[in-house]
1. On a C-alpha basis, how far is the centre of the range 84-116 from the centre of the range 144-182 in Å? Whole number, if you could?
2. Please work out whether the range 61-121 counts as rounded, prolate or oblate from its C-alpha gyration tensor, where a ≥ b ≥ c are the square roots of the eigenvalues and a/c under 1.5 means rounded, while otherwise a/b larger than b/c means prolate and anything else oblate?
3. Where is the GNM fluctuation largest for the chain (alpha-carbon springs, 10 angstrom cutoff): T28, T47, T173?
4. Using Cα pairs under 8 angstrom and six or more residues apart, how large is the relative contact order of the chain, in percent?
5. Just to be sure I understand: of the beta bridges DSSP finds with both ends in the chain, what percent are antiparallel, rounded to 5?
6. The list (i) 9.5; (ii) 23.4; (iii) 12.9 gives values of mean projected area of the Cα convex hull in nm², and only one came from this structure; which label was calculated from it?
7. Given springs between every Cα pair under 10 Å in a Gaussian network model of the chain, which of F98, F156, F87 has the largest fluctuation?
8. Looking only at S107, S95, S13, which one moves most when the chain is put into a Gaussian network model with springs between Cα atoms under 10 Å?
Amino acid sequence: MAKRAAPEVNAGSMADIAFLLLIFFLVTTTIETDSGLNRKLPPIEETEPPIIKQKNIFTVLLNGKDQLLVEDEIMELKDLREAAKEFLDNGGDGSCSFCKGKKNPDSSDNPDKAIISLKNERETTYKTYIAVQNELVAAYNELRNRRAEELYGQTFAEMEANYNDVNWPGNKTKLKDQIEQIKLDYPQKLSEVQ
């Protein structure tokens, strides 16, 4: 029996199809990236750094075993938020008219002068580091929410959500000024020490 020749497949358009598929997948694929922590760095100043009293610094140390040392005392993570709020809202020098703290002269003078200093070791787990960051930021947010409700009858979180909503019918300029006022009353001063 004679061998038959196999019919040839026309592969002329295969390169075009492969190229179109490649373009399709490149255009439709999304690559997720880590956004990191949202922090605004202060501007570089040429002047001498201000002198900060030790009582205005709230020291938080995180060791390699994920243990928390706050103001030279061992503390559980669940207690960190309240301790930070107590420090920030102290009003020790009497210059803060809206502070509801104990007015302890050995603690922070004013929310504007209060600084939270966070130091962690290289061996600290990322999960614990983020949990500590969340608790400290939550302390600021709770104080800002309370102040916003006192002044404007809504929480700071609601005010920011309204400001970011493109369909919000209110006066955005006035709202921005109100948000800035709350941020001035309780500025987020969170310093990370190396």
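1. The two parts, judged by their Cα centres, are 24 Å apart.
2. Prolate is the answer for the range 61-121, as a/c is 1.5 or above and a/b outweighs b/c.
3. Between T28, T47, T173, it is T28 that shows the largest mean-square fluctuation.
4. Details: 215 pairs, mean separation 36.1, N = 194.
After rounding, I find 19 percent.
5. Values: 6 of 16 bridges.
DSSP beta bridges in the chain are roughly 40 percent antiparallel.
6. Recomputing mean projected area of the Cα convex hull in nm² here gives the entry labelled (ii).
7. So, out of F98, F156, F87, the one fluctuating most is F98.
8. Highest fluctuation among the options: S13.
Rule-based calculations on the coordinates, nothing more; no lab input. None of these values were measured; they are calculated from a predicted model.
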